[in-house]
Amino acid sequence: MNKRKGQFRPSQDFVSEEMVAALLKDASYDFNELFAVVHVHLRARNAAGSGKEMLRLRMYEKLNIMVAQGLVKKQDKRYTGVVDALRTRRIEMDAAKARLEQRRGAMMHIE
């Protein structure tokens, strides 16, 4: 049996990228408002591949993980981004994306 280890790949995680961008842009969101904004941006990037309900579940799970990590604060039913932590996460995601692109470029030269 082939077991895959779960890895966080921020360079390919379009949902997290759009959530971080939205939470940095506006002060706070209700979950439905945040979902609407992220869904529109993912559709514009042609990255909303799964169904709308599946995307909603993935976003809710990721948002709860971000709350647990201290990137987002939840107050009643409103989610507010912690600006410094989100900026740090965005820098980490951009660095991982650059490393992935660099590896892809190296692989293209080998072939």
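Things worth noting here:
- Unique residue being surrounded by 12 or more Cβ atoms within 10 Å (Cβ to Cβ), under 19 Å from PHE14 (Cα atoms) and at pLDDT 90 or above when the list is ILE65, ILE91: ILE65
- Restricting attention to the range 29-62, the residues being among the aromatic types (Phe, Trp, Tyr) and buried (at least 18 other Cβ atoms within 10 Å of the Cβ) number 2.
- Test: VAL72 is surrounded by fewer than 13 Cβ atoms within 10 Å (Cβ to Cβ), within 18 Å of SER28 (Cα to Cα) and in contact (Cβ under 8 Å) with a residue 40 or more places away in the chain: no
The values are calculated or read from the model by the stated rules, or taken from the named source; none is laboratory data. All of these numbers come straight from a predicted model, not from anything done at the bench. Counting neighbours? That spans all protein chains shown, and the Cβs are built from the backbone with ideal geometry, glycine included.
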